[in-house]
Amino acid sequence: MIFLQILQTFRHLAINVLPLFIITLVVSAVSAEYYPVRSFDRLLKHSRGRAVLISGLFGVLLPATPALRIPMAALAGQGGAKLAPAITFIAGAGAGVSTLILTTMIGFRIAVLRIIVALMFAFFMAVIVARFMQRSLDTADIESDAEMLFSRDFCEVPSGDVDRMGGGLELKNIWFNFLNAARVMLPWLFLSLLLASLIDIVVPAVTVRAVLGGSFAPAKIALVGLPFYFVGGLDIPLIFVLLNKGVNIGALVSLMVAAPLINLPVMSVMGRWIGYRKSIALLAFFWLVASAIGMLLNYLSIK
């Protein structure tokens, strides 16, 4: 009986998510064709004093996963871009057009809140990096061949496409981009749907609130995505179920910001770029800022 309930919940969530997911794949595929990797590389290199602002805005709009943003930032760094805007660009992975499309499944206002919080998070991270980590990152043993970062399993753009020119739309390339994005994201979507279904049926609401509630709920829930790779809005099925179980909005916002970034695949790609010790330190800052934003939202909602 429980097994059938889990299957029914999985089916219900999948029916709601899959149309939006397909739209996000199409948006990502078209974006990758019209605005290829090198276009953002050049933009970040030449934006100078406005680099943090521009990289933050693009970071929360570009439909790209963190495993793609990291090698893009590495390319920009090789061309002379500062690390603060590069990290800001990576930190914007908590939003992105594709992510926001999927977030509308749980409400338009939540999607708007997500993009606002993602902007806050990205700019806070830029300030922290510039203040505490700039010197350390400037002396890091940066991987000399940034193009090789595009060949990692979690990146939807292969190294052979790094130098491809954009500015046009070819159906063959769009289809190729679509398949690459689906290859990376579909297994994690299935896992997200499965976890959400199990929590919805098996775990009582009182248990969820006991484990993920309290004053430090945002700090706890920001680590939920650590073993996974819930990017591009793949955290939405899980967030939808947790919201119905009574988890507060501050904690869920922390999960939205943290899940795409604070996970083992991102740490693996980041570690190959700046070194694993610095990668862990950077992810720790991600966690602190995501937790602080969630706690602030909870405080404001109480007031």
Open item on the list: Report every pair of residues separated by at least 6 positions or lying on different chains whose Cβ atoms are under 7 Å apart, first residue within segment 265-278 and more than 17 Å from residue 93 (Cβ to Cβ), second of a type in the set (Phe, Trp, Tyr) and outside any helix (DSSP H, G or I).
Closed with: none
- [ ] Select, from 184, 211, the only residue that is within 17 Å of the chain's Cα centre (by Cα) and either of a type in the set (Ser, Thr, Tyr) or part of a helix (DSSP H, G or I) (or both).
- [x] 184
Task: Scope segment 10-37; condition acidic (Asp, Glu) and either free of Cβ contacts under 8 Å to residues at least 12 places away in the same chain or outside any helix (DSSP H, G or I) (or both); matching residues - done: none
Open item on the list: Suppose we filter segment 62-89 for residues that are modelled with pLDDT under 80 and part of a loop (DSSP other than H, G, I, E, B); how many remain?
Closed with: 4
- [ ] Determine which member of the set 208, 224 is of a type in the set (Val, Ile, Thr), farther than 30 Å from residue 157 by Cα and free of Cβ contacts under 8 Å to residues at least 60 places away in the same chain.
- [x] 208
Open item on the list: Quick check on segment 149-168. Is at least one of its residues farther than 21 Å from residue 79 by Cα, aromatic (Phe, Trp, Tyr) and either modelled with pLDDT under 75 or assigned to a loop (DSSP other than H, G, I, E, B) (or both)?
Closed with: yes
Open item on the list: For the structure I just gave you, tell me whether residue 30 is modelled with pLDDT under 90, surrounded by fewer than 19 Cβ atoms within 10 Å (Cβ to Cβ), among the β-branched types (Val, Ile, Thr) and under 22 Å from residue 257 (Cα atoms).
Closed with: no
TODO: Tell me, please, whether a residue that is surrounded by fewer than 23 Cβ atoms within 10 Å (Cβ to Cβ) and assigned to a helix (DSSP H, G or I) can be found in segment 224-236.
DONE: no
Open item on the list: Here are the criteria: (1) surrounded by fewer than 20 Cβ atoms within 10 Å (Cβ to Cβ); (2) in contact (Cβ under 8 Å) with a residue 60 or more places away in the chain; (3) closer than 19 Å to residue 149 by Cβ. Tell me which single one residue 79 does not satisfy.
Closed with: (2)
Open item on the list: Which condition from (1) in a helix (DSSP H, G or I); (2) at pLDDT below 85; (3) more than 23 Å from residue 174 (Cβ to Cβ) is the one that residue 4 breaks?
Closed with: (2)
Open item on the list: With the requirement that a residue be farther than 17 Å from residue 285 by Cβ, buried (at least 24 other Cβ atoms within 10 Å of the Cβ) and touching a residue at least 60 places away in the same chain (Cβ under 8 Å), what does segment 66-76 give you?
Closed with: 67, 68, 71, 74
TODO: Find the residue count for segment 237-249, including only residues that are surrounded by fewer than 21 Cβ atoms within 10 Å (Cβ to Cβ) and not in a helix (DSSP H, G or I).
DONE: 2
TODO: Go through the residues of segment 280-296 one by one and say whether even a single one is in contact with a Pro (Cβ under 6 Å, 6 or more places away or on another chain), surrounded by 24 or more Cβ atoms within 10 Å (Cβ to Cβ) and part of a helix (DSSP H, G or I).
DONE: yes
- [ ] Please work out which residue is modelled with the lowest pLDDT, limiting yourself to segment 169-187 and to residues that are within 13 Å of residue 31 (Cβ to Cβ) and touching a helix residue (DSSP H, G or I) at 6+ places or on another chain (Cβ under 7 Å).
- [x] 169
Open item on the list: Out of everything in segment 250-279 that is within 13 Å of the chain's Cα centre (by Cα) and closer than 20 Å to residue 182 by Cβ, what residue ends up being surrounded by the fewest Cβ atoms within 10 Å (Cβ to Cβ)?
Closed with: 265
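The values are calculated or read from the model by the stated rules, or taken from the named source; none is laboratory data. Every value quoted in this text rests on a predicted model; they were computed, and no experiment measured them. We place every Cβ from the backbone using ideal geometry, glycine too, and count neighbours over all the protein chains shown.
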